[in-house]
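Written out below as structure tokens is the structure these notes cover.
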């Protein structure tokens, strides 16, 4: 069976930026008078707004700020750290290999377009993706499959000919619910254990090629 498209997540998948998002959430929590309980107070894969919906009751936060205002503040703190963010090892070569093989590449991220646009400009990613779907375009966030189904609709391809690359349990679940196989990229062995429901786990994109994706699909 052929592969027509590969759908990438952004944060933690293409970008190595979970430390920076952890710091951003931590800064906003501190401004609200709360001490973060870890370096990663947020839950990966559910979007900034989704995280604040969880963090407010978890930390018993009392504030007049809305979820949207807290999310914008968090994104602002993250963007201050954008120069510290790096691309995942081997991602450029892997995407080039896919495109040279005639495979479409798409992006499906819970992040917002203003932040994605700044990331694209910072890392020279403009024009790389045939389709980009951001969090504003869907009603339900991962682990709901809506964002992947919308991306497939935009691509105009059969979902059975698509693969997803993710870095969170929520993303893996969303892709599987949509009916697609998933490659998960892990930071370390502990993270890999969290991603064990994926069809394949890698630690960098140097391990991947268009041919290997085809073997996985078969």
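Looking at the range 36-43, can you tell me whether even one residue there is free of Cβ contacts under 8 Å to residues at least 24 places away in the same chain and under 28 Å from residue 128 (Cα atoms)? There is no residue in the range 36-43 that is free of Cβ contacts under 8 Å to residues at least 24 places away in the same chain and under 28 Å from residue 128 (Cα atoms).
With the condition kept exactly as written, say whether any residue in the range 11-19 is surrounded by fewer than 20 Cβ atoms within 10 Å (Cβ to Cβ) and in contact with a helix residue (DSSP H, G or I) (Cβ under 6 Å, 6 or more places away or on another chain). No, the range 11-19 contains no residue that is surrounded by fewer than 20 Cβ atoms within 10 Å (Cβ to Cβ) and in contact with a helix residue (DSSP H, G or I) (Cβ under 6 Å, 6 or more places away or on another chain). In contact with a strand residue (DSSP E or B) (Cβ under 7 Å, 6 or more places away or on another chain), free of Cβ contacts under 8 Å to residues at least 60 places away in the same chain and within 27 Å of residue 73 (Cα to Cα): is that true of residue 133 in this structure? Yes. For the range 116-142, a tally of residues being surrounded by 14 or more Cβ atoms within 10 Å (Cβ to Cβ) and modelled with pLDDT under 95 returns 3.
Residues 56, 95: which one is in a helix (DSSP H, G or I) and touching a strand residue (DSSP E or B) at 6+ places or on another chain (Cβ under 6 Å)?
Just a single option satisfies the conditions, and that option is 95.
Mind checking whether some residue in the range 151-172 is surrounded by fewer than 18 Cβ atoms within 10 Å (Cβ to Cβ), on the phi > 0 side of the Ramachandran plot and touching a helix residue (DSSP H, G or I) at 6+ places or on another chain (Cβ under 6 Å)? No, the conditions are met nowhere in the range 151-172.
Residues are listed down the side, and each one gets a yes or a no for (1) assigned by TED's automatic domain parsing to the domain that holds residue 164; (2) in contact with a strand residue (DSSP E or B) (Cβ under 6 Å, 6 or more places away or on another chain):
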site	(1), (2)
68	no, no
73	no, no
109	yes, no
115	yes, no
118	yes, no
129	yes, yes
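Checking 186, 192, 175 one by one, the residue that is closer than 23 Å to residue 43 by Cβ, touching a strand residue (DSSP E or B) at 6+ places or on another chain (Cβ under 6 Å), surrounded by 15 or more Cβ atoms within 10 Å (Cβ to Cβ) and free of Cβ contacts under 8 Å to residues at least 12 places away in the same chain is 192 and no other. Of the residues making up the range 123-162, those that are assigned to a helix (DSSP H, G or I), under 17 Å from the mean Cα position of the chain (by Cα) and farther than 13 Å from residue 104 by Cβ are 123, 135, 136, 137, 146, 147, 148, 149, 150.
The values are calculated or read from the model by the stated rules, or taken from the named source; none is laboratory data. Treat the numbers as computed from the prediction; the structure is a model and nothing was measured. Positions of Cβ are generated from backbone atoms using ideal geometry, with glycine treated the same way; all protein chains shown enter the neighbour counts.
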